[in-house]
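The values are calculated or read from the model by the stated rules, or taken from the named source; none is laboratory data. Note that the structure is a prediction, hence the values are computed from the model and not measured. Cβ sites come from the backbone with ideal geometry, for glycine too, and all protein chains shown count toward neighbours.
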Amino acid sequence: MGYGRMGRMVEHVALQRGHSIVGIKSDRSEPPDVWLQKFGPADVVIEFTSPDSAFDNIAACFRAGIPVVSGTTGWQKRLSEAEALCRAHQGAMIASSNFSLGVHLFFELNRWLARRMIKFPEYRPVILESHHTGKKDMPSGTAVQLAQDLIQISGQKGWQLNSAEQEDLLSVFSSRVPGEVGRHQVIWTSQVDRLEIRHHAFSREGFALGAVMAAEFLAGRQGMYSMRDVLGFTEDSSE
């Protein structure tokens, strides 16, 4: 579902890995339920569309009894609704802000580092992210996930976008730059030094590979899963 730059890359990687594509949804005007009835049984749907259509696409997959991997960002306010539908239809889903394997290692590293840095209150964290000018949501879903993990560990009240006015909120700074695939940094700064970790994507192929790996994992399963499940991380692996 979705045949933009990411959809085409997913198709390329899936075929490389020996899979068959049974349908491609490129027409946004066609209802997803109607589209899903046009072809034979599918093992899984990979969905990279837009924030305003993602939830309806995911719900249609549940109704059709097809597991769905969603890489669309900007719709996560309705994630609890999607989870309820998944349970009601005994469906299966993996939704992630970023399917890059490196990014999920970065998430693990961010949590690991945060648990150690909170012992030293002289250091304060900040998140920087930049993407191409065509990216519709700001901050990125990856930056939001990084922020949520930091907030949960540090006890901060929330995050603020492109501002440092409120000291009790984590600052997330976003920019949109022509040609930038994706760059994220978490910086811990004191008055005397700073420590930082960063992830820089060179191409979208890493995102597509992770999405196809997630689809391979999800096919034949029921329930809600995450990329931590796909990559085999245990609950305490970030300790």
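Determine which member of the set ALA164, ALA114, ALA215, ALA143 is assigned by TED's automatic domain parsing to the domain that holds MET227 and of a type outside the set (Asp, Glu).
Details: ALA164 fails: assigned by TED's automatic domain parsing to the domain that holds MET227; ALA114 fails: assigned by TED's automatic domain parsing to the domain that holds MET227; ALA143 fails: assigned by TED's automatic domain parsing to the domain that holds MET227.
Just one listed residue meets the conditions, ALA215.
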Discussion item. Six or more apart or on different chains, Cβ atoms under 6 Å: show the pairs whose first residue is in the range 116-144 and more than 24 Å from GLY155 (Cβ to Cβ) and whose second is outside any strand (DSSP E or B).
Written reply: SER130/VAL177; SER130/GLU180; HIS131/SER140; HIS131/GLU180; HIS132/GLU180; THR133/PRO178; ASP137/THR73; ASP137/GLY74
Discussion item. If I go through the range 124-138 residue by residue, how many of them are surrounded by fewer than 17 Cβ atoms within 10 Å (Cβ to Cβ), closer than 18 Å to ARG198 by Cβ and among the hydroxyl-bearing types (Ser, Thr, Tyr)?
Written reply: 0
Discussion item. What are the pairs with Cβ atoms under 9 angstrom where one residue, in the range 12-29, is modelled with pLDDT under 95 and the other, located anywhere, is in a loop (DSSP other than H, G, I, E, B) and of a type in the set (S, T, N, Q)? Sequence gap at least six, or different chains.
Written reply: LYS25/THR49; ARG28/THR49; ARG28/SER50; ARG28/SER53
Practice prompt. Spot the failing condition for ASN57; the list is (1) within 18 Å of the chain's Cα centre (by Cα); (2) assigned to a helix (DSSP H, G or I); (3) of a type outside the set (Gly, Ala, Ser); (4) at pLDDT below 95, and only one is missed.
Written response: (4)
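Identify, from the list LEU150, LEU231, LEU146, the residue that is in contact with a Pro (Cβ under 6 Å, 6 or more places away or on another chain), within 29 Å of ALA92 (Cα to Cα) and not small (Gly, Ala, Ser).
Details: LEU231 fails: in contact with a Pro (Cβ under 6 Å, 6 or more places away or on another chain); LEU146 fails: in contact with a Pro (Cβ under 6 Å, 6 or more places away or on another chain).
Only one candidate qualifies: LEU150.
Filter the range 137-195 down to the residues that are basic (Lys, Arg) and farther than 22 Å from ASN98 by Cβ, then identify the one that is modelled with the highest pLDDT. First the steps, then the outcome.
Quick first cut of the range 137-195, residues basic (Lys, Arg) only: 157, 176, 183, 194.
Imposing the further condition that a residue be farther than 22 Å from ASN98 by Cβ reduces the set to 157, 194.
Numbers: LYS157: 91, ARG194: 97.
So, considering only residues that are basic (Lys, Arg) and farther than 22 Å from ASN98 by Cβ, the one modelled with the highest pLDDT is ARG194.
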Discussion item. So, in the range 58-88, how many residues would count as being crowded, with 17+ Cβ neighbours inside 10 Å and either out of contact with any helix residue (DSSP H, G or I) (no Cβ under 8 Å at 6 or more places or on another chain) or over 21 Å from ALA208 (Cβ atoms) (or both)?
Written reply: 7
Discussion item. So, GLN145, is that one more than 26 Å from PHE48 (Cβ to Cβ), among the polar types (S, T, N, Q) and in a helix (DSSP H, G or I) or not?
Written reply: no
Worksheet, complete the sentence: Across the range 164-193, the tally of residues that are touching a residue at least 12 places away in the same chain (Cβ under 8 Å), more than 26 Å from the chain's Cα centre (by Cα) and surrounded by 12 or more Cβ atoms within 10 Å (Cβ to Cβ) stands at 2
Worksheet item: If you take the residues in the range 148-163 that are assigned to a helix (DSSP H, G or I) and under 19 Å from the mean Cα position of the chain (by Cα), which one is surrounded by the fewest Cβ atoms within 10 Å (Cβ to Cβ)?
Response: GLN152
